[in-house]
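K.L.:
If you scroll down you'll find the structure; I have some questions about it.
The values are calculated or read from the model by the stated rules, or taken from the named source; none is laboratory data. Source: prediction; values computed, not measured. Note that each Cβ is placed from the backbone with ideal geometry, even for glycine, and that neighbours are counted across all protein chains shown. Calculation scope for accessible area: heavy atoms of the full protein, side chains included, ligands and nucleic acids excluded. Shrake-Rupley method; radii C 1.70, N 1.55, O 1.52, S 1.80 Å.
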Amino acid sequence: MFRVDPGSPVPLGDQVAACVRRAVAEGSVRDGERLPAARELAASLGVNVHTVLRGYGRLRDEGLIELRRGRGAVVTSRATPGHARLIEAARRLVADARELGLTDEEVLALVRARLAAD
Amino acid sequence: MFYLYANKEFPVSEAETDRRPLAAVPRALIVALPPLASCLLLVTVGVWVRERLPDPMATHLSGGTPDGYTSPVTFLAVSTGLLLLVAIVGAACGYLSRTSLRALVGPVVVEYVMLGYLTYLLVALVLVNAHAERGDPANVRFGLYHLLLGLLPAAVVGGVGWLLTRTDAVEAAARGAGQPPAVRLSLARGEAATWTRTVGSRALVVVGLLTTVTGIVLYFLPAVLEATLFCVVGVLLAAFSAIRVTVDRRGVTVASSLVAWPRVQVPLTRIEEATCREVHAIREFGGWGYRMGRRGSSGLVLRSGEALSARLNSGREFVVTVDDAATAAALLNGYIARRHTRSGD
């Protein structure tokens, strides 16, 4: 289920990605399932195809989906609810850090310190 | 049986909804009419030109020239025998049918068209034999243009069949007893949502593969025309064994997840209300595929079980068997509600 609100300040591409992440977290899409083709989803939602591609690209970078020529967007085996929640936690971490004015290096240093401590 | 049928909804006038259903005998007659008329026509033509028919006459041709001969009597006897058999089976189906022929317009028109085409070819074959040069069946030439020309009477006969189905009642789709009330998802102004899911049918994959393999085997017989037909049908069946159902602002779309076309689309404007219900493939629809079922239901039935059911403006029901149909129905109802508030209903 994809729900996007053009009126929201969140970019549409990110909204699309969030829908997939939510579905993975709920377990309603599983490893190996095919997501609709970007062109079809764009026509269905009434948005630009590049918007959907941006969302799909983000999910690929997060390792949740694979984009293969001919097969389209396929959910990877890494797409477990736990993994999706982890990505969501990372998103919140980065958002909070940026709000506090931390630079990228400072965020990484924070994470490394945590990794070293445990 | 698999019907590839464009889902066209015919507008229904007030007067037509009052039409009472046809009795069993008229239904039987309508279904049995094409083979019976075909039989009659063939026998009449055969008797009319019997003086000029060579014995044996050319009955099998390849590339327009004859390579198989049968006696006229055998040919007519076998043809009429088969046609009468079809008439009996058709009459039985028509007599026992508890669905209005109007809901079965697809299969009825296909029957009329096919028999119209076949009759043309049979009559043409007899006449071509009767006019064979010097009465020699080896001189018979059955031009391939007949294959195209036959489409004309076939279309006319199909039209007659369509008109005859209109004499039957329009059936309102019956709501299953004890169905939960329709649930609606609330959509914000400007919000867009899409629900999409894939469904697979292993039965159709197997049937599709078997049909395609049979087609390939036929090719080596050789029976090229039949082989092509089997292969095409087999590929279509396999293509539809995995479908994607999408519910969005445009309505319901069902397409093969492998090829973009053919697809079935039910526009949102034609849908009154959507629900989720249980569907039984054999009992309600007599099988799997794109089916016409009882009481004005039709749709894609790939398995028994949970299905999305859309009640249309025309009173008919469109179903698609798919998981999580409840969410799909809720989304459809949300769009319908928004459409109503937008138009000030």
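K.L.:
Anyone know which of A:VAL94, A:VAL16, A:VAL52 comes out most mobile in the 10 Å Cα GNM of chain A?
P.N.:
Result for chain A, Cα springs under 10 Å: A:VAL94 fluctuates most.
K.L.:
Probe 1.4 Å, all protein chains in place: accessible area of B:LEU152 in Å², nearest 10?
P.N.:
130
K.L.:
Moving on. Over all distinct Cα pairs, what is the inverse of the mean 1/r for chain B, reported as the Kirkwood hydrodynamic radius in Å?
P.N.:
Kirkwood radius, chain B: 22.9 Å.
K.L.:
Quick one: net charge of B:LEU308's neighbours, Cβ under 12 Å, K/R +1, D/E -1?
P.N.:
With Lys, Arg at +1 and Asp, Glu at -1, the net is -3.
K.L.:
For the pair B:ARG189 and A:ARG112, what calculated FRET efficiency results from E = 1/(1 + (r/R0)^6), where r is the Cβ-Cβ distance and R0 = 41 Å, to the nearest 0.05?
P.N.:
Efficiency at R0 = 41 Å is approximately 0.35.
K.L.:
Just to make sure I understand: if all protein chains stay in place, what is the order of B:LEU147, A:LEU102 by accessible area at 1.4 Å, largest first?
P.N.:
B:LEU147, A:LEU102
K.L.:
Could you tell me how many degrees, from 0 to 90 and to the nearest 10, lie between the Cα long axis of helix A:81-100 and the main elongation axis, the longest principal axis, of the Cα atoms of chain A?
P.N.:
On a 0 to 90 degree scale, this one is about 60.
K.L.:
Only bridges whose two residues both fall in the protein assembly as shown count here: according to DSSP, what percent of them are antiparallel, nearest 5?
P.N.:
Beta bridges within the protein assembly as shown, antiparallel portion: roughly 90 percent.
K.L.:
How well do other chains shield peptide A:29-38, expressed as the mean number of their Cβ atoms within 10 Å of each residue Cβ?
P.N.:
Per residue, the number of nearby Cβ atoms from other chains is 2 on average.
K.L.:
Taking a quarter of the surface of the convex hull around the Cα atoms of the protein assembly as shown, what do you get in nm²?
P.N.:
Average of the hull's projected areas for the protein assembly as shown equals 29.9 nm².
K.L.:
Moving on. Loop sites only, by DSSP: take the chymotrypsin sites (Phe, Trp or Tyr not before Pro) in chain B that have at most 14 other C-beta atoms within 10 Å and name the longest stretch containing none of them.
P.N.:
B:4-219
K.L.:
Summing Lys, Arg as +1 and Asp, Glu as -1, what charge do residues with Cβ under 14 Å from the Cβ of A:LEU12 carry, A:LEU12 excluded?
P.N.:
That sum, taken over residues with Cβ under 14 Å, equals 0.
K.L.:
On to the next question. Choose one answer from A:GLY57, A:GLY46, A:GLY72: the residue with the largest mean-square fluctuation in a GNM of chain A with alpha-carbon springs under 10 Å.
P.N.:
Fluctuation is largest for A:GLY46.
K.L.:
For B:324-332, what's the mean count of beta carbons from other chains sitting within 10 Å of each residue's beta carbon?
P.N.:
Mean inter-chain Cβ contacts per residue within 10 Å come to 1.
K.L.:
Another question, if that's okay. For chain A, modelled as a GNM with alpha-carbon contacts under 10 angstrom, which of A:ALA18, A:ALA37, A:ALA95 fluctuates the most?
P.N.:
Per the Cα network of chain A with a 10 Å cutoff, A:ALA95 tops the list.
K.L.:
With r defined as the distance between the Cβ atoms of B:ARG52 and B:ARG166 and R0 fixed at 45 Å, what FRET efficiency is calculated, to the nearest 0.05?
P.N.:
Taking R0 as 45 Å, the efficiency between B:ARG52 and B:ARG166 is 0.60.
K.L.:
Once the convex hull of the alpha carbons of chain A is built, what does its volume come to per residue, in cubic angstrom?
P.N.:
Here the figure is 123 Å³ per residue.
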